[in-house]
Amino acid sequence: MVLAHRMALESPLVEAEAIEATEFRELVGRHNVSGVPQTTINHGARDVVGAVPEHYLVAEIEKALKKESGS
Amino acid sequence: MEGFLDNSLKKQVRLVFEDMKEPVTILFFGSAAQCEYCEETIQLLTEVTALSDLLALEVHDLDEESELASRYHVDKAPGLVIGGGRGEEIIDFGIRYYGVPAGSEFGALINDLLTVSKRESGLSEETLVFLAGLKEPVHLMVFSTPT
């Protein structure tokens with residue numbers, strides 16, 4: 001299962017979309033997808049390229065949330 | 001239309017689905033206006049959901065059922081929501097797919113259906129603690145290619 005989907009299953013605050021990049025070119029362009037898989041957190045607050053381990057994605061989500069709250 | 005899944009694959013998937021516990025519904029959102037891959041996605045999902053009594057497929061239209069689509073935050077077609085339960089009692093976990101779930105995405109979909117049915121994410125204790133402590137929404141878009 002996609003890691004992001006596992007997180008969505010566990011938390012009502014997490015929503016996760018698996019997007020087939022070749023079918024949604026415009027979206028790929030808008031989010032500057034440079035390699036796949038790419039995980040775009042909160043519409044571009046952070047981008048994670050590559051298949052990353054669980055703890056890494058958690059750390060990136062934390063960074064994205066910190067960046068948004070400005071702290 | 002000829003099926004996507006051959007008998008040997010159907011057999012494998014049936015075996016995986018034997019471990020399912022709770023019903024799971026796939027809400028499919030297509031668009032009559034513009035959707036190159038909707039027909040084949042419906043065909044594929046019809047074949048997959050036929051492989052277990054615990055699976056159901058609902059076919060909806062993004063434009064004609066815009067209220068339902070926005071309730072599930074679906075804004076593109078083909079769009080899929082993997083929900084828990086069935087009928088009037090569908091639980092939205094926030095699990096979406098956009099595009100034909102073929103190639104490597106097919107395995108991910110089968111796995112998703114099983115995981116949602118069992119309600120077991122398999123995430124580590126640390127991750128679960130982190131998720132339980134979330135106070136703001138987290139939106140994740142995972143771009144991939146069907147290789």
Notebook entry, point to check: When region A:32-48 is examined, which residues are found to be more than 7 Å from chain B (Cβ to nearest Cβ) and surrounded by 17 or more Cβ atoms within 10 Å (Cβ to Cβ)?
Noted result: A:Ala45, A:Arg46, A:Asp47, A:Val48
Next item on the list: Looking only at region A:39-71, count how many residues are under 20 Å from B:Glu125 (Cα atoms) and among the acidic types (Asp, Glu).
Entry: 3
Margin query: Please determine whether any residue of region B:13-24 is away from every other protein chain (no Cβ under 11 Å), free of Cβ contacts under 8 Å to residues at least 24 places away in the same chain, surrounded by fewer than 16 Cβ atoms within 10 Å (Cβ to Cβ) and outside any loop (DSSP other than H, G, I, E, B).
Written below: yes
Next item on the list: Please identify the pairs in which a residue from region B:136-147 that is within 7 Å of chain A (Cβ to nearest Cβ) has its Cβ atom under 7 Å from the Cβ atom of a residue that is among the small types (Gly, Ala, Ser) and assigned to a strand (DSSP E or B), counting only partners at least 6 apart or on another chain.
Entry: B:Leu140/A:Ala16; B:Val142/A:Ala16; B:Val142/A:Ala18; B:Ser144/A:Ala18
Check: Can you find a residue in region A:10-23 that is more than 7 Å from chain B (Cβ to nearest Cβ) and modelled with pLDDT under 95?
Finding: no
Next item on the list: Please go through region A:13-23 and pick out each residue that is more than 19 Å from B:Gly94 (Cα to Cα) and surrounded by 18 or more Cβ atoms within 10 Å (Cβ to Cβ).
Entry: A:Ala21, A:Glu23
Next item on the list: Could you identify the single residue in B:Lys118, B:Lys76 that is within 19 Å of B:Val13 (Cα to Cα) and basic (Lys, Arg)?
Entry: B:Lys118
Note to self: Would you confirm, using the coordinates I've provided, whether B:Val116 is modelled with pLDDT under 95, crowded, with 20+ Cβ neighbours inside 10 Å and at the interface with another protein chain (Cβ under 7 Å from one of its Cβ atoms)?
What the structure shows: no
Next item on the list: Go through the residues of region B:96-113 one by one and say whether even a single one is touching a strand residue (DSSP E or B) at 6+ places or on another chain (Cβ under 8 Å), of a type in the set (Phe, Trp, Tyr) and either at pLDDT below 95 or surrounded by 23 or more Cβ atoms within 10 Å (Cβ to Cβ) (or both).
Entry: yes
Checklist line | Answer from B:Gly79, B:Gly99, B:Gly103, B:Gly83 - the residue that is at the interface with another protein chain (Cβ under 8 Å from one of its Cβ atoms) and under 28 Å from A:Val36 (Cβ atoms) | finding: B:Gly99
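The values are calculated or read from the model by the stated rules, or taken from the named source; none is laboratory data. Treat the numbers as computed from the prediction; the structure is a model and nothing was measured. Don't worry about glycine lacking a Cβ; one is built from the backbone with ideal geometry, like all the others, and counts go over all protein chains shown.
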